[in-house]
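Take a look at the structure below.
The values are calculated or read from the model by the stated rules, or taken from the named source; none is laboratory data. Keep in mind it's a predicted model, so treat the numbers as computed, not measured. Quick reminder, even Gly has a Cβ in these numbers, built from the backbone with ideal geometry, and neighbours come from all protein chains shown.
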Amino acid sequence: MDINFDLKQITNIITKKNFYIRSFFLIFGIALLTLDYNLFLLPNNLVIGGTSGLAILFKYLFNISPTIFIYISNFALIIFSYFFLGKQETKKNIVGSILYPVFISITAPLAKILLNYLHFDSMIIVVLLAGILCGIANGIIYKTGFTTGGSDILMKILNKYAKIPEGKSLFSINLIIMIFSALIFGANKFIYGLIILYLNSTFIDRILIGISDSKLFFIYTKKTEEVKKFILEDLKIGVTILNAKGGYSKEENDVLMCVVPTKDYYLFKETVLEIDHKAFFVINDCYEVAGGVNKHNHFFS
């Protein structure tokens, strides 16, 4: 079968899809991210990597305005992106790279006003708020398909030319910046930065893939028909039958695959074990189910 498709055309369709809604959320996400920067990170010298982290270091060492530093570094990185990553990749970075320093300037007066009313007894509260807000903002930005440029551009260049995986590239860049911050601001600020990064990545994941409200069950049982009948007739949810063969026993048998609401997880599993106490399960978090037949569940209600 000859299957032909234009990847560039598909990419253009995806890029244009919901463009105005995505643009709104990009601006909203950048506004949140820069407010977090001016409200929590910059005043407390909390460095978590990237050009914004370097800007905090340069402000402390050389009294250079963070906004000016980020403008210059982002402009330089856009040029690098164009020559090393190409026009198409640069398009995804250029909007965020320009908007990010613009919104740092815009949100700075608001942050200054809010700081007069926000007083926290513990630094850890500041760190937690900074990490949560950072993660929410970045999650919104990444979900639009854009980035804020900066170290993301360096990450992609290292990935393309040094063949270093993107995750490791970004981690290495941010770690180097944070080690410098530890030498300047001390070990406590380094640990605070790690906490913020952890919260950031956690909330990004939650926003990008959601919170798991279902469990994906793979069930290997000798009583396939009984379990299938329970799933279809009593639980009233769909089930897929997969043909499987034991790697050790060489026995052929069906494996049942179904998605069960998290609230029904315990009762479902225990009911299947009552039918066949030797049933074998593989259970995963299920973040999204699309298509197929969706039946209303009365059994556990």
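Specify the residue that is surrounded by the most Cβ atoms within 10 Å (Cβ to Cβ); the eligible residues are those in region 93-117 that are touching a residue at least 60 places away in the same chain (Cβ under 8 Å) and farther than 18 Å from LEU35 by Cβ.
ASN93
Within region 239-271, track down each residue that is under 10 Å from ILE219 (Cβ atoms) and out of contact with any Leu (no Cβ under 9 Å at 6 or more places or on another chain).
Of everything in region 239-271, just one residue is under 10 Å from ILE219 (Cβ atoms) and out of contact with any Leu (no Cβ under 9 Å at 6 or more places or on another chain), namely LYS269.
Hey, LEU57 hits all of (1) touching a Phe, Trp or Tyr at 6+ places or on another chain (Cβ under 9 Å); (2) farther than 24 Å from LEU183 by Cα but one; which does it fall short on?
LEU57 satisfies every listed condition except (2).
Determine which single condition PHE83 fails, assuming it passes every other condition in (1) surrounded by 16 or more Cβ atoms within 10 Å (Cβ to Cβ); (2) part of a helix (DSSP H, G or I).
It is condition (1) that PHE83 fails.
Kindly list, by first and then second residue, each pair from a residue in region 237-255 that is surrounded by fewer than 11 Cβ atoms within 10 Å (Cβ to Cβ) to a residue that is not in a strand (DSSP E or B), limited to pairs with Cβ atoms under 8 Å and residues at least 6 apart or on different chains.
Between residues of region 237-255 that are surrounded by fewer than 11 Cβ atoms within 10 Å (Cβ to Cβ) and residues that are not in a strand (DSSP E or B), the close pairs are LYS245/GLU251; GLU252/GLY246.
Between ASP213, ASP205, ASP234, which is of a type outside the set (Lys, Arg) and in contact with a Pro (Cβ under 9 Å, 6 or more places away or on another chain)?
Details: ASP205 fails: in contact with a Pro (Cβ under 9 Å, 6 or more places away or on another chain); ASP234 fails: in contact with a Pro (Cβ under 9 Å, 6 or more places away or on another chain).
Going through ASP213, ASP205, ASP234 in turn, just one is of a type outside the set (Lys, Arg) and in contact with a Pro (Cβ under 9 Å, 6 or more places away or on another chain): ASP213.
Scan LEU129, LEU110 and give me the residue that is more than 26 Å from the chain's Cα centre (by Cα) and either more than 30 Å from TYR161 (Cα to Cα) or not assigned by TED's automatic domain parsing to the domain that holds LYS160 (or both). First the steps, then the outcome.
Working: LEU129 fails: more than 26 Å from the chain's Cα centre (by Cα).
Step by step, each of LEU129, LEU110 is checked, and only LEU110 is more than 26 Å from the chain's Cα centre (by Cα) and either more than 30 Å from TYR161 (Cα to Cα) or not assigned by TED's automatic domain parsing to the domain that holds LYS160 (or both).
So is THR202 surrounded by 13 or more Cβ atoms within 10 Å (Cβ to Cβ), outside the structural domain of ILE125 (by TED's automatic domain parsing) and of a type outside the set (A, V, I, L, M) or not?
Considered against the rule, which asks whether it is surrounded by 13 or more Cβ atoms within 10 Å (Cβ to Cβ), outside the structural domain of ILE125 (by TED's automatic domain parsing) and of a type outside the set (A, V, I, L, M), THR202 comes out as no.
Assess whether THR51 counts as being closer than 24 Å to PHE171 by Cα, in contact with a helix residue (DSSP H, G or I) (Cβ under 6 Å, 6 or more places away or on another chain) and at pLDDT below 95. Reasoning before the result, please.
Details: closer than 24 Å to PHE171 by Cα: yes; in contact with a helix residue (DSSP H, G or I) (Cβ under 6 Å, 6 or more places away or on another chain): yes; at pLDDT below 95: yes.
The answer is yes for THR51.
Which one is surrounded by the fewest Cβ atoms within 10 Å (Cβ to Cβ), of the residues in region 256-275 that are of a type in the set (Phe, Trp, Tyr) and in contact (Cβ under 8 Å) with a residue 24 or more places away in the chain? Don't jump to the end; show me each part of the working.
So in region 256-275, the residues of a type in the set (Phe, Trp, Tyr) come out as 265-266, 268.
From what is left, the residues that are in contact (Cβ under 8 Å) with a residue 24 or more places away in the chain are 265, 268.
On the way: TYR265: 15, PHE268: 24.
For region 256-275, the residue satisfying everything is TYR265.
Tell me whether region 33-45 contains one or more residues that are part of a helix (DSSP H, G or I) and surrounded by fewer than 21 Cβ atoms within 10 Å (Cβ to Cβ).
yes
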